[in-house]
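The values are calculated or read from the model by the stated rules, or taken from the named source; none is laboratory data. If you're wondering where the values come from, they're calculated on a predicted model, not measured in any experiment. When we count neighbours, we look across all protein chains shown, and the Cβ atoms used for this are built from the backbone with ideal geometry, even at glycine. Ligands, DNA and RNA are excluded from the accessible area calculation, which covers all protein heavy atoms including side chains. Shrake-Rupley method; radii C 1.70, N 1.55, O 1.52, S 1.80 Å.
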Amino acid sequence: MKVGGSEFVKRSDDQSVATLTFENPPVNALGYEARKALNAAVLEVGIDPQVKAVVLVCGGGTFFAGADIKEFGTENATRSPNLKEFCASLDGLSKPVVAAIHGVALGGGLEVALACHYRIAVPDALLGLPEVKLGLIPGAGGTVRLPRLIEATKALRMITTGEPVLAQQAFNEGLVDALASGDLIEAARKFALDKAFFPLMATSRRPVRQSDIAEFAAIADQAISRSRGLRAPVAAARSVRNAVTMSFDEAIAAERRIFLELLAGDESAALRHLFLAERSAQKLKTASAGVVARPLRIVGIVGGGTMGSGIAMSFADNGIRATILELSHDALQASRERIERAYSISVTRGSISEEEKAVRVALIGGATDYDAFRNCDLIIEAVVEDMEVKREVFRQLDLIARPGAILATNTSYLDVDLIAAVTERPGDVVGMHYFSPANVMKLIEIVRGRETRDDVLATALAAARITGKVGVVVGVCDGFVGNRMLLARNAQNEQLLVEGATPEQIDKAFVDFGWPMGPFQMSDMAGLDIGWRTRKRMGRVAPIADALCERGWFGQKTGRGFYLYEAGARQPKPNPDLPAIIAAAARQASQQSRAISDTEIIQRTHFPLVNEGARLLSEGIVARSSDIDLIWTRGYGFPVAKGGPMYWASRQGLSTITASMDRWALKTGASCFSTADVLRRLAGAGASFERFGLALNQGDAA
Ligand code: 3H9
């Protein structure tokens with residue numbers, strides 16, 4: 001047996017099969033140095049007359065997870081041998097190469113496997129081309145080779161959605177040639193040796209597996225209509241169509257051109273920023289080394305309203321038992337019905353089966369006595385937003401919960417420290433601010449109280465991850481990060497109406513910017529009465545929204561708000577009474593109407609949003625500007641193609657923003673423009689949000 005190799009690739013030969021084992025922790029990404037080593041190893045075994053077949057396998061927990069995302073944007077990303085060239089080396093070998101897949105084979109990782117002659121995988125491996133999620137298309141032949149192994153429609157669906165498939169499905173469809181139930185390397189070696197005596201067919205020489213033309217067109221249309229303005233899914237559809245209509249070489253060249261164009265574009269840079277932001281948010285900035293999350297097996301939820309039921313579903317959806325506590329059997333029954341209804345909709349839509357629904361419903365229990373929570377690892381309170389009610393719940397929880405259990409509040413703006421103070425274990429109390437509907441929305445703001453322990457935060461982050469969500473740690477303040485910034489973003493909405501803009505124009509400017517909907521449509525959907533009640537409690541006024549509410553117009557649910565909704569319809573029409581209400585507010589403010597541009601709308605609503613983000617950073621409420629970007633893209637619909645408010649602002653240039661805010665401060669006198677001191681200090685020092693803490697601590701932004 002011959003053994004040799006480099007830092008990245010180890011070679012071991014046995015019975016004329018050479019096994020190349022690649023290792024580049026943590027996920028075997030294919031950066032430049034790694035590609036160089038791999039390419040050299042492949043060329044070496046290619047000309048070795050002793051070698052009749054080759055196995056390509058990865059060490060560690062996974063096959064290649066793709067190109068090195070952290071290398072994109074540097075010159076190494078495209079340096080030769082690039083991935084396309086490495087795939088060509090594999091494709092050109094005159095002896096069979098078998099990719100032995102465990103863990104995941106994603107993006108460039110799957111492209112490498114596609115360029116091998118055969119693929120063998122363990123049954124729980126995942127295979128996919130997720131490049132569209134990074135604003136890219138596969139750039140090493142994925143869109144051209146995949147439809148040569150599986151039907152073109154299936155390839156189109158996989159590439160335009162970026163969703164991976166399990167090895168079993170991949171096997172059924174022809175992407176994988178064999179499943180290995182025992183030792184993967186042994187199975188791959190045996191498979192390779194068997195194939196050494198058969199004629200060889202490189203994937204590039206196979207014909208495209210044609211499929212129904214109408215179905216192909218329908219999937220491509222679906223990709224375009226679901227792309228919501230993103231370029232990558234549309235480009236991916238175009239590239240798979242090229243694979244069907246062009247020769248292999250032409251299609252590969254076209255794919256590479258599109259890939260490089262997207263790689264250099266703003267959309268991919270923004271999506272890559274968000275990918276890395278998600279990973280950074282998992283790391284506690286202040287934690288000492290070795291913080292370990294506590295076990296999370298049984299969850300209790302106080303309150304079975306919309307929020308509590310949604311939270312319970314998010315655990316059940318991921319196989320975790322949750323018990324809902326309600327005041328009465330009737331309330332418990334109402335919660336059960338709400339959950340049943342929500343799951344039935346999923347069954348009707350085809351996203352889960354009846355059997356799956358039954359499993360999930362069975363994982364959600366109910367109780368009317370706190371005693372049911374004795375064994376819970378995590379108890380989340382989701383009762384009304386009232387400090388005294390919440391404090392009473394926590395008093396009860398403190399009496400009953402086992403030592404070490406975590407007590408979480410779902411408050412959206414109340415002081416977590418005041419809630420924790422009624423317990424004997426403030427270190428075990430944390431905020432977990434879910435967004436409605438909690439079983440769908442991806443964000444949880446994890447609120448660190450003054451005494452919250454690091455392992456409690458780590459457990460809350462783990463709970464988010466296990467339930468398919470993104471947890472972002474924030475500090476205590478009114479509204480935390482998201483809602484406090486939302487208030488700043490909305491501060492100018494009414495003023496813009498008074499000065500002459502219409503809700504239609506403002507909403508359209510937002511949609512053109514990339515938001516799924518504008519602020520007025522959003523308010524009508526959420527219900528205007530919620531903000532009205534809060535304003536009354538806080539002694540604030542919003543003359544136009546208040547006037548609507550005084551007439552009993554609360555938005556969609558009453559058929560009228562900023563817009564008019566015809567019976568049963570959600571489609572907004574202009575509210576004929578609104579102009580008179582706006583005119584009255586303008587008279588009151590002695591404001592002349594004038595033409596307002598979309599640029600002005602975006603600046604006057606978005607710059608205060610960014611400014612509030614900067615203030616939150618300077619107050620230490622949030623640790624990283626990328627955390628704010630995650631909160632706004634995952635929880636509030638900020639367009640992902642712009643990377644989040646702070647990333648977008650950095651691209652605008654902070655001095656451009658402060659200059660514009662100074663202009664608006666003079667023109668409107670509004671306080672939201674005159675508070676840009678933190679931004680101004682940063683802009684003055686030429687510092688960036690990324691270097692924010694450093695800049696403030698060292699005083700170089702002063
Ligand atoms: C591509 O391949 C383009 C080609 O078509 C074109 C070529 C020409 N690169 O997520 P985790 C890091 S595009 C660099 O916490 P998990 C990650 O940042 C790529 N680093 O673990 C983190 O580092 P850190 C297509 C990567 O177990 C650490 O690994 N591929 C990459 O929950 C652990 O990550 C993809 O889009 C990478 N490709 O999940 C796959 N991937 O500790 C993207 C991860 O410093 N990756 N890291 O923060 C994933 O989906 C998940 O990370 C994976 C592991 C499932 C692999």
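The packing ranking of peptides 537-544, 116-123, 653-660, 366-373, highest mean first, is 116-123, 653-660, 366-373, 537-544, where packing means the average number of other beta carbon atoms within 10 angstrom of each residue.
Oblate is the label for segment 265-331, because a/c, from the alpha-carbon gyration tensor with a ≥ b ≥ c as root eigenvalues, is 1.5 or above and a/b does not exceed b/c.
Please grab the % of Cα pairs in segment 320-415 that end up more than 18 Å from each other. Spell out each step's value before the answer.
On the way: 2488 of 4560 pairs.
Result: 55 percent of Cα pairs exceed 18 Å.
Computed 3J(HN,Hα) for segment 215-224, one whole-Hz value per residue from the Karplus formula 6.51 cos²θ - 1.76 cosθ + 1.60 where θ = phi - 60°, is 5, 4, 5, 5, 5, 5, 4, 4, 4, 5, glycine and proline marked x. Using C-alpha pairs under 8 Å with a sequence gap of at least 6, the mean separation divided by the residue count of segment 418-565 gives a relative contact order of 13 percent. The loop-placed trypsin sites (Lys or Arg not before Pro) in segment 168-252, going by DSSP, that have at most 13 neighbouring Cβ atoms within 10 Å of their Cβ come out as Arg228. Ranked by solvent-accessible area (1.4 Å probe, protein heavy atoms only, all chains present), the residues Met525, Met313 order from largest to smallest as Met525, Met313. Our helix-only sum for the chain, with -39,500 (n - 2.57) per DSSP H run of n ≥ 4 divided by its residues, gives a mean residue ellipticity at 222 nm of -14500 deg cm²/dmol. For segment 598-692, the Kirkwood estimate of hydrodynamic radius, built from reciprocal distances between every pair of different alpha carbons, is 13.3 Å. I need the shape label for segment 147-285. Rule: rounded when a/c is under 1.5, else prolate if a/b > b/c, else oblate, with a, b, c from the alpha carbon gyration tensor. Oblate, since a/c reaches 1.5 and b/c is not below a/b. Calculated on C-alpha atoms, the gyration radius of segment 9-264 divided by its Kirkwood radius gives an Rg/Rh of 0.95.
Could you give the semi-axes, largest first, of the ellipsoid that matches segment 375-521, computed as the square roots of 5 times the alpha carbon gyration tensor eigenvalues and rounded to whole Å?
Details: eigenvalues 246, 55, 29 Å².
For segment 375-521, the ellipsoid semi-axes come out as 35, 17, 12 Å.
Compute the Kirkwood hydrodynamic radius of segment 444-548, taking the inverse of the mean of 1/r over all pairs of distinct Cα atoms, and give it in Å to one decimal. Result for segment 444-548, one decimal place: 16.3 Å. Take 37-44, 108-115 and order them by the average number of nearby Cβ atoms within 10 Å per residue, most first; the result is 108-115, 37-44. Based on every Cα atom in segment 17-127, Rg and the maximum pairwise Cα distance Dmax equal 13.0, 41 Å. The lysines within cross-link reach of Lys133, meaning a Cα-to-Cα straight distance under 17 Å and a gap of 8 or more places when in the same chain, are Lys70, Lys442, Lys469, Lys642.
Under a 5 Å amide H cut-off, with hydrogens placed 1.01 Å from N, Ala542 pairs with nothing among residues at least 5 apart or on other chains.
Which angle from 0 to 90°, rounded to the nearest 10, does the C-alpha axis of helix 329-349 make with the longest principal axis of the chain? Roughly 40 degrees between the two axes. Between the amide H of Val474 and those of Ile446, Val447, Arg448, distances stay under 5 Å, these residues lying 5 or more places away or on another chain, with hydrogens modeled in the peptide plane.
For GluC sites (Glu not before Pro), the sites in segment 599-636 that DSSP calls loop and that have at most 15 other Cβ atoms within 10 Å are Glu619.
Here the convex hull built on the C-alpha positions of the chain has a volume of 183 cubic angstrom per residue. With all protein chains in place and ligands, DNA and RNA left out, the 1.4 Å accessible area ranks Asp221, Asp91, Asp330 as Asp330, Asp221, Asp91, largest first.
Restricting things to Cα coordinates, could you compute the convex hull volume per residue of segment 501-588 in Å³?
Details: hull volume 8.7 nm³, N = 88.
Enclosed volume per residue, from the Cα hull, is 99 Å³.
Within the accessible surface of the chain, defined with a 1.4 Å probe on protein heavy atoms only, the carbon and sulfur portion equals 53 percent. Please work out the Cα center distance from segment 175-230 to segment 348-411, rounded to the nearest Å. So the separation of the two Cα centres works out to 44 Å.
Its relative contact order, with pairs defined as Cα atoms under 8 Å and 6+ residues apart, puts the chain at 8 percent. The candidates Phe22, Phe216, arranged from most to least accessible area with a 1.4 Å probe in the full protein assembly, appear as Phe216, Phe22.
Separation of segment 269-311 and segment 85-145 by C-alpha centroid, Å? Centre-to-centre (Cα) distance: 31 Å. Solvent-free Debye calculation, one equal scatterer per alpha-carbon of segment 179-254: log10 I(q)/I(0) at 0.24 Å⁻¹ equals -1.05. Partner lysines whose Cα lies under 30 Å from the Cα of Lys190, excluding those fewer than 8 positions away in the same chain, are identified as Lys2, Lys10, Lys36, Lys52, Lys84, Lys95, Lys154.
For Cys116, no residue whose modelled amide H falls within less than 5 Å of its own remains once neighbours fewer than 5 places apart on the same chain are excluded.
Relative to the longest principal axis of the Cα atoms of the chain, helix 387-400 runs at roughly 50 degrees.
Scoring 555-566, 390-401, 641-652 by mean Cβ neighbours within 10 Å over their residues and listing the highest first yields 641-652, 555-566, 390-401.
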